[in-house]
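Here is the structure we will look at, set down as structure tokens.
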Amino acid sequence: MSMRRVAVLLATGVVVAGAPAAVAASAQAKPTVTATVSALHAVPGPTVDVYANGKALLTNFKPGTLTDPVKLPEGTYDLKVTAAGAGANGAAVIQANDVKVPGGADITVVAHLSAAGKPVLTPYVNDVSKLAAGQARLTVRHDAAAPAVDVRAGGKPVFKSLTNPEEVKADLPAGTVKTDVVLAGTSTVAIGPADVNLKEGTNTIVYAWGSASDKNLKLAVQTISGLHGNPAGIPGGTGGQAAEQDASTGTLWSVGVLGLIALGVIGFGTAAVRVRARS
Amino acid sequence: MIRTCGAAALVVAALTVFGSLSGCSSSGDRTEPVEPTGPMLVTPTPSAPPIPPASPSSSVRARRADLPTATAVVQPVRLQLERIGIDLPVVGVGVAADGQMALPPNPANVGWYRFGPGTTDTRGSIVLGGHVDSNEYGVGPLAQLRRVRPGDLATLRSSDTSVRSYRVQTVEDIPKSKLIPDRIFDRDGARLLRIITCGGPYDRNGGGYRDNLVVTAVPA
């Protein structure tokens, strides 16, 4: 259940989202291996720009918005988040150098508040493994300046004592789940309830973000599709009557045809007799 | 004499038809076990295209990460195969406890795999399946399905009142053990309609029907 950070990113303590391609000098000698990277802005307030290796990667990135996934070469990125329009040399709201983006992973980098209310970046590896037919995956991430919470579905706690920046997940039958977030061990609702549509074959990632003290806790949602599995087969009949009916019909038909043949032979014989009689 | 030969030919034809009646089979065959969902394993992204050089101006798009609202799904509601006299209600179905496609218990209804493509999707296979017979209800209308021929028209009426026609391309008897679910339930390939029931001999000792009768049609 514990969140899995991208290893090397952990070392730096911070991370940042995707920088378009060529910024990764370290990846250039090798065959290009890419990571799929999305970024979520989950810090209440400022619209920001994001720089990767000194180049603008995202501009006018607004709170509560999520980027489309982009393919980035694996490699190392220096990332900086500034106030919108501050320029490449502007003051960093968040900064992270030597951030490694590993090839092959599907990652969401989230700019959010720590439990104490400080802006941080957390990279999460999204579970994009295949689902069983009819199932959907629900992932919940605690990215809010708030204490431990329980996540409830239909009023019952399904994930307990989730703390910032942990995540939890489960594969569930597809459908709509009424979800709310309560302070851990209580029934004090912090967020919601909200109807979360768990579409079959997707990983629906719900982020709790904002600040409890500022009373702006809310949910953001990211959906990764294409993870569906297929039914194992199609049953098709439980009685066997169709097969048996076919069998008996076939038999009867054969008998009938044989009867016709017999009649034909008799008729032919009779005709022959008649002919002979006439001649 | 000519009549006799004709009759004999009919017998042969009858036996041939009868002998090839194999259709679908019952449960039992899990050709494609659904993959277990692993822990936080990362699936490698398949063959990424070459990355174009980064241009700072090619800004990545961002959109609001709001809760998705469930959209109303257009459902097929009626299947008609006029030439063979099939005219049946269609109901949405999902997955049974054993991992197979769930089918309506009454063979007078056809199930639509509601997690897969529907009539408004531009890719993939619309999968309809129904029981050919049932212990409770007896032989159903889909017993006629084996009479369908390439070129026949199948019509699907949908909940949005649209009517779409499909022309039958192939009629296959596939042993259940050979059925490839990923092919049948394809969501990304060409737009197809697949109508599936059981066929083949029936094994009363728990084996059920041996085959699936798979009718594949393309948009007409």
For segment B:60-100, give me each residue that is within 7 Å of another protein chain (Cβ to nearest Cβ), surrounded by 14 or more Cβ atoms within 10 Å (Cβ to Cβ) and either touching a Ser or Thr at 6+ places or on another chain (Cβ under 7 Å) or of a type in the set (Ser, Thr, Tyr) (or both). B:Val60, B:Ala62, B:Ala65, B:Pro68, B:Gln100
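What are the residues in segment A:188-197 that are farther than 15 Å from A:Ala144 by Cβ and open to solvent by less than 50 Å² (accessible area, probe 1.4 Å), if any?
Residues satisfying the conditions are A:Val196, A:Asn197.
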Could you list, in sequence order, the residues of segment A:193-212 that are more than 10 Å from chain B (Cβ to nearest Cβ) and either at pLDDT below 95 or touching a helix residue (DSSP H, G or I) at 6+ places or on another chain (Cβ under 8 Å) (or both)? A:Pro193, A:Ala212
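Based on this model, can you work out whether A:Thr176 counts as among the β-branched types (Val, Ile, Thr), outside any strand (DSSP E or B) and open to solvent by 10 Å² or more (accessible area, probe 1.4 Å)?
No, not satisfied.
Residues are listed down the side, and each one gets a yes or a no for (1) open to solvent by 20 Å² or more (accessible area, probe 1.4 Å); (2) of a type in the set (A, V, I, L, M); (3) within 16 Å of the chain's Cα centre (by Cα):
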| site | (1), (2), (3) |
| --- | --- |
| B:Ala108 | yes, yes, no |
| B:Glu136 | yes, no, no |
| B:Leu142 | no, yes, yes |
| B:Thr161 | yes, no, no |
| B:Thr170 | yes, no, yes |
Quick one: in segment B:65-104, which of the residues that are without any contact (Cβ under 8 Å) to a residue 40 or more places away in the chain, assigned to a loop (DSSP other than H, G, I, E, B) and under 19 Å from the mean Cα position of the chain (by Cα) is farthest from A:Ile224 (Cα to Cα)? B:Pro104
Checking A:Val158, A:Val140, A:Val182 in turn, the sole residue that is among the β-branched types (Val, Ile, Thr) and within 30 Å of A:Val101 (Cα to Cα) turns out to be A:Val140
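For (1) open to solvent by less than 50 Å² (accessible area, probe 1.4 Å); (2) of a type in the set (S, T, N, Q); (3) at negative phi, each residue gets a yes or a no:
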| site | (1), (2), (3) |
| --- | --- |
| A:Ala115 | no, no, yes |
| A:Glu167 | yes, no, yes |
| A:Leu172 | no, no, yes |
| A:Thr186 | no, yes, yes |
Check on A:Thr122, touching a residue at least 24 places away in the same chain (Cβ under 8 Å), in contact with a strand residue (DSSP E or B) (Cβ under 7 Å, 6 or more places away or on another chain), more than 12 Å from chain B (Cβ to nearest Cβ) and surrounded by fewer than 19 Cβ atoms within 10 Å (Cβ to Cβ): no
Name every residue in segment A:125-145 that is away from chain B (no Cβ under 14 Å) and surrounded by fewer than 24 Cβ atoms within 10 Å (Cβ to Cβ), in order of residue number. A:Ala145
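Please go through segment B:175-188 and give me each residue that is in a strand (DSSP E or B) and crowded, with 22+ Cβ neighbours inside 10 Å, ordered by number.
Within segment B:175-188, the first condition is being in a strand (DSSP E or B), and the residues that meet it are B:175.
Passing the criteria: none in range.
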Considering only segment B:105-119, how many residues are more than 10 Å from chain A (Cβ to nearest Cβ) and farther than 21 Å from A:Gly229 by Cα? 4
Would you pick out the residues in segment A:39-72 that are at the interface with chain B (Cβ under 7 Å from one of its Cβ atoms) and of a type in the set (Phe, Trp, Tyr)? A:Phe61
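Select from segment A:212-242 the residues that are part of a loop (DSSP other than H, G, I, E, B) and within 22 Å of A:Asn164 (Cα to Cα) and list them in ascending order.
Hits for segment A:212-242 are A:Ala212, A:Ser213, A:Asp214, A:Lys215, A:Asn216, A:Leu217.
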Could you please tell me which pairs satisfy a Cβ distance under 8 Å, a separation of 6+ or placement on different chains, a first residue in segment A:63-89 that is on the phi > 0 side of the Ramachandran plot and buried (at least 20 other Cβ atoms within 10 Å of the Cβ), and a second residue that is outside any strand (DSSP E or B) and of a type in the set (Ser, Thr, Tyr)? A:Gly75/A:Ser26
Among (1) more than 30 Å from A:Asn230 (Cα to Cα); (2) open to solvent by 40 Å² or more (accessible area, probe 1.4 Å); (3) at pLDDT below 90 - the single one A:Ser161 does not satisfy: (3)
Do we have B:Arg123 as closer than 22 Å to A:Ala174 by Cβ, more than 9 Å from every other protein chain (Cβ to nearest Cβ), modelled with pLDDT of 95 or more and in a loop (DSSP other than H, G, I, E, B) here? yes
If B:Pro175 satisfies all but one of (1) facing chain A (nearest Cβ under 8 Å); (2) closer than 13 Å to A:Pro235 by Cα, what's the number of the condition it fails? (1)
Positions within segment B:144-159 being more than 10 Å from chain A (Cβ to nearest Cβ), out of contact with any Lys or Arg (no Cβ under 7 Å at 6 or more places or on another chain), of a type outside the set (S, T, N, Q) and open to solvent by 30 Å² or more (accessible area, probe 1.4 Å), in sequence order: B:Arg147, B:Arg149, B:Pro150
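With the requirement that a residue be open to solvent by 50 Å² or more (accessible area, probe 1.4 Å) and at the interface with another protein chain (Cβ under 9 Å from one of its Cβ atoms), what does segment B:189-209 give you?
Once the filter is applied, which keeps residues that are open to solvent by 50 Å² or more (accessible area, probe 1.4 Å) and at the interface with another protein chain (Cβ under 9 Å from one of its Cβ atoms), segment B:189-209 yields B:Pro201, B:Tyr202, B:Asp203, B:Arg204.
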Every residue from segment B:105-115 that is within 17 Å of A:Ala136 (Cα to Cα) and in contact (Cβ under 8 Å) with a residue 24 or more places away in the chain: B:Tyr113, B:Arg114
Between a residue in segment B:129-151 that is farther than 24 Å from A:Ala232 by Cβ and any residue that is polar (S, T, N, Q) and open to solvent by 80 Å² or more (accessible area, probe 1.4 Å), which pairs come within a Cβ distance under 7 Å, given they are 6 or more apart or on different chains? B:Val139/A:Gln245; B:Pro150/B:Gln169
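The values are calculated or read from the model by the stated rules, or taken from the named source; none is laboratory data. Given the structure is predicted, the values throughout are model-derived calculations rather than measurements. Note: ideal-geometry Cβ built from the backbone for every residue, glycine included; neighbour counts use all protein chains shown. Just so you know, the surface numbers come from the protein's heavy atoms only, side chains and all, with ligands and any DNA or RNA stripped out. Shrake-Rupley method; radii C 1.70, N 1.55, O 1.52, S 1.80 Å.
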